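Student: First, the structure itself, so that you have it in front of you.
What follows draws every value from the coordinates through simple rules; no lab data is involved. Model, not experiment: these values are computed from the prediction. Reconstructed Cβ throughout: ideal geometry from the backbone, glycine too, with neighbour counts over all protein chains shown.
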Amino acid sequence: MQGNYQLNYSLVACIVLSSLFLQSCDSFSTQVTATPEESTSGNPETTKIVEREEKLSTREATALGYFEDLPIELVPMIFSEVEYPYILTCRQLNHFFYELITGYSQVGLIGVAHKPIAKMQIPTSDLNKCIDFRKLSCTPKTIPSFPFYCLLRKASNLPQSFWPYIPNTQIHMLNLRYNKIDDSDLQALAKVLPNTQVHTLYLSYNYIGASGVQALAKVLPSTQVHTLDLSYNVIGTSSVQALAKVLSSTQVHTLDLSYTDMGISGVEELAKVLPSTQVHTLNLYGDQIGDSGVQELAKVLSSTQVHTLDLSQNQIGGSGVQELAKVLPSTQIHTLHLGFNQIGAPGVQELAKILPSTQVHTLNLYGNQIGAQMKQLLKEQYPKITFSF
């Protein structure tokens, strides 16, 4: 019965939208069309999206009556049955729908100065394309307003001049890798983050230091960020300590601190708070934490939510992996990376003994000089585990 109801809803939505198409075809004066007009900035990217508006009738009629007379609550229900690309097509056919969908009463506005006044929320879950701003020549003054505020979900290499306007956008993924961001830049970003929808933040391969991370740590609990990548920044021990102090008050569940020069004290502070956090994916690749660092982690891993752990290239030897092996059966870890360490065949043997008692299904031991015979033995004994040698 429920399936029939869903079919009926979809059918009603199609009828309403079909009537819109028929009405717009019958009366050209009610159409909103897109043309490649020249913009004042001469920007080719802007030119593609600039639209013009024909003279519109004061009332928008359909076979079912006037759209203005429909209860506003009914319109989102209609659109919930339609994929968003088709909704975008609808905005070009009818002025009433254009304003309803975009929040703009005027067509073809450009620049961040023109914020939309949304009439309703329309589901846009299928808009997942990442826009790389390095491939655009838009500035805050020339970027098309509707796509920037209403359509943009994932942004890569977003220039700093756009950052103050992120709170009014729908951006939830912000990729700022390789952007030469320094401490002052991160401090500027930290000021706007709490008012944004950003939940995934990539900041790797920049020039971020202690003061930048400390500024980020202060606001992190008041943001929606759940995935944070600070890898390949020499942020040092003090920065990791500042981050550790607030981590339990944040939504962060995926944390990448690879090659951050955190030191033993950094991993000690991180280990102390890990059980009280939501972190389930932890990447400490290349942090040179050694056996003592692994031992600190091993003390708390059983009390954490961590299921994916990367400890590659950390100078881990036999004693470190033995401590890890002792607690592994009582953890949630299913993906473990131990590549490029000094574990050796004896260490792998200790690890192999407890594997049947663990949840591990993916194990990376690449670069540990464990020998061809040991590799073959592991594959034969544990065919359900995916090994990397």
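Student: Where the only charges are on Cβ atoms (+1 Lys, Arg; -1 Asp, Glu), what is the dipole of the range 124-276 about its Cα centre, to the nearest 20 debye?
Tutor: Here the range 124-276 has a charge dipole of around 480 debye.
Student: Residue by residue through the range 323-336, which ³J(HN,Hα) values in whole Hz follow from phi under the Karplus form 6.51 cos²θ - 1.76 cosθ + 1.60 (θ = phi - 60°), with glycine and proline marked x?
Tutor: Running phi through 6.51 cos²θ - 1.76 cosθ + 1.60 with θ = phi - 60° gives 5, 5, 4, 4, 9, 3, x, 9, 9, 9, 5, 10, 10, 10 Hz.
Student: Here's something else I'd like to know. May I ask you to compute the full-extension gain from residue 177 to residue 381, defined as 0.36 nm times their residue separation minus their alpha-carbon distance, rounded to one decimal in nm?
Tutor: So the extension gain works out to 69.3 nm.
Student: Could I ask something else about it? Antiparallel versus total DSSP beta bridges in the range 137-388: what percent is that, nearest 5? If you can, show how the numbers build up before the last one.
Tutor: Values: 0 of 27 bridges.
Around 0 percent of the beta bridges assigned by DSSP in the range 137-388 are antiparallel ones.
Student: Something else about it: Using 24 Å as the Cα-Cα cut-off, could you pick out the over-long pairs in 180/272; 245/299; 115/180; 191/272; 115/141?
Tutor: 180/272; 115/180; 191/272
Student: In nm, to one decimal, how far is the residue 160 label point from the residue 248 one, both placed 7 Å along Cα→Cβ?
Tutor: 3.5
Student: Same structure again: Is any residue of the range 282-303 close enough, with backbone N under 12 Å, to a label point placed 7 angstrom from the Cα of residue 332 along the Cα-Cβ axis, and if so, which?
Tutor: What the label zone holds, given the 12 Å backbone N cut-off, is 282, 302-303.
Student: Here's a follow-up. May I ask you to evaluate 6.51 cos²θ - 1.76 cosθ + 1.60, the Karplus curve with θ = phi - 60°, for each residue of the range 344-351 and list the ³J(HN,Hα) values in order in whole Hz, giving x for glycine and proline?
Tutor: My calculation for the range 344-351 gives x, 4, x, x, 5, 4, 4, 5 Hz in order.
Student: Taking K and R as +1 and D and E as -1, what net charge do the other residues with C-beta under 13 Å from the C-beta of residue 310 add up to? Intermediate results must be reported in sequence, preceding the final value.
Tutor: Details: positive: none; negative: 229, 256, 287.
Surrounding charge for residue 310 is -3.
Student: Taking 1 over the mean of 1/r across every pair of different Cα atoms in the range 137-388, what Kirkwood radius in Å do you get?
Tutor: 19.2
Student: Loop only per DSSP, at most 12 neighbouring Cβ atoms within 10 Å: give me the trypsin sites (Lys or Arg not before Pro) in the range 178-278, ordered by residue number.
Tutor: Listed in order of number, the matching sites are 180.
Student: Let me ask you something else. Mind checking the dipole of the range 137-388: about its Cα centre, +1 per Lys or Arg Cβ, -1 per Asp or Glu Cβ, Debye to the nearest 20?
Tutor: For this selection, approximately 640 debye.
Student: Using a Förster distance of 56 Å, how high is the FRET efficiency between residue 354 and residue 113, based on the Cβ-Cβ distance and rounded to 0.05?
Tutor: Numbers: r = 62 Å, r/R0 = 1.10.
Once rounded, the FRET efficiency stands at 0.35.
Student: Also, I was wondering about something else. Give me the number: length gained by fully extending residue 184 to residue 303, i.e. 0.36 nm times residue separation minus the C-alpha to C-alpha distance, one decimal in nm.
Tutor: 39.2 nm
Student: Amide H neighbours of residue 234 under 5 Å, counting only residues 5+ apart in sequence or on other chains, H built in-plane at 1.01 Å?
Tutor: For residue 234, the qualifying residues are 208.
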